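> This structure is in structure tokens; I'll ask about it shortly.
Computed from the coordinates by the stated procedures, all read-outs in this text should not be read as laboratory data. Nothing here was measured: the structure is a model prediction, and the numbers come from that model. Ideal geometry is used to build each Cβ from the backbone, glycine not excepted, and the neighbour counts take in all protein chains shown.
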Amino acid sequence: MLFFKTILTFLNNKDYRDLIYTTSVVLFIGTIAYRFLEGWSYIDSLYFSVVTLTTIGFGDFAPQTDAGKLFTILYIILGIGVILTFINTLQIHYNESREKKKKK
């Protein structure tokens, strides 16, 4: 339950909302690019974008076209910082919320 309350408070904070918007835009750009460069479905394109930028890299998808490979290089360089900042900020916010609950 604390996790869901944390997410709601995260969404209500303007600074965090901006980070969510930025993260969404980065994932949207990757999804659209892979859809058209590689011909993957939207779900596969979104999946690959998330797996790539979170550095998980399962290896079940890989760009086959030169354009897709070049886009991936730029996408990783530009997008990994945004995604990792989002994950780190969410974790910090969750820990702060958990600490506040313990103090009560």
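> Would you be so kind as to identify which of Gly30, Leu19, Phe48 lies farthest towards the positive end of the dipole of the chain, taking Lys and Arg as +1 and Asp and Glu as -1 on Cβ and the Cα centre as origin?
Comparing the listed Cα positions along the dipole, Leu19 ranks first.
> For the range 39-104, build the charge dipole from Cβ charges (+1 Lys, Arg; -1 Asp, Glu) around the Cα centre, then report which of Phe61, Phe71, Gln91 sits farthest towards its positive end.
Of the listed residues, the answer is Gln91.
> Follow-up question, since we're still on this one. State to the nearest 20 debye the size of the charge dipole of the chain about its Cα centre, where the only charges are +1 on K and R beta carbons and -1 on D and E beta carbons.
840 debye
> Follow-up question, since we're still on this one. Mind putting a number on the dipole of the range 1-53 about its Cα centre? Charges go on the C-beta only, +1 for Lys and Arg and -1 for Asp and Glu, and I need it in Debye to the nearest 20.
Taking the Cα centre of the range 1-53 as origin, the dipole is about 200 debye.
> Okay, helix-only estimate at 222 nm for the chain: each DSSP H run of n ≥ 4 adds -39500 (n - 2.57), divide by all residues, round to 500 deg cm²/dmol; what do you get?
-29000 deg cm²/dmol
> Could you check how many percent of all C-alpha pairs in the range 3-58 are farther apart than 16 Å?
Across the range 3-58, Cα pairs with separations above 16 Å total 52 percent.
> Something else about it: Using a 7 Å offset from the Cα along the Cα-to-Cβ direction at both Ile29 and Asn95, what is the distance between the two label points in nm, to one decimal?
In this crude spin-label approximation the distance works out to 2.9 nm.
> Given a cut-off of under 8 Å on Cα pairs at least six residues apart, what relative contact order in percent is computed for the chain?
Answer for the chain is 32 percent.
> How many Lys pairs in the chain lie less than 17 angstrom apart by Cα atoms, where the lysines are 8 or more positions apart or on different chains?
Here the count comes out as 6.
> Beyond 19 Å, what share of the Cα-Cα pairs of the chain remains, rounded to the nearest whole percent?
Pairs farther apart than 19 Å: 49 percent.
> Right, next: Give me the one-decimal nm value for the distance between modelled label points at Thr22 and Thr9, 7 Å along each residue's Cα-to-Cβ direction.
2.2 nm
> Within the set of other residues whose C-beta is less than 11 Å from the C-beta of Pro63, count the net charge using Lys and Arg as +1 and Asp and Glu as -1.
-1
> Same structure, new question: Between the DSSP loop rule and a limit of at most 13 other Cβ atoms within 10 Å, which chymotrypsin sites (Phe, Trp or Tyr not before Pro) in the range 22-94 are left?
Phe58
> Note down the net charge around Lys5, summing +1 for each Lys or Arg and -1 for each Asp or Glu among other residues with Cβ under 11 Å from its Cβ.
Once positives and negatives cancel, what remains is +3.
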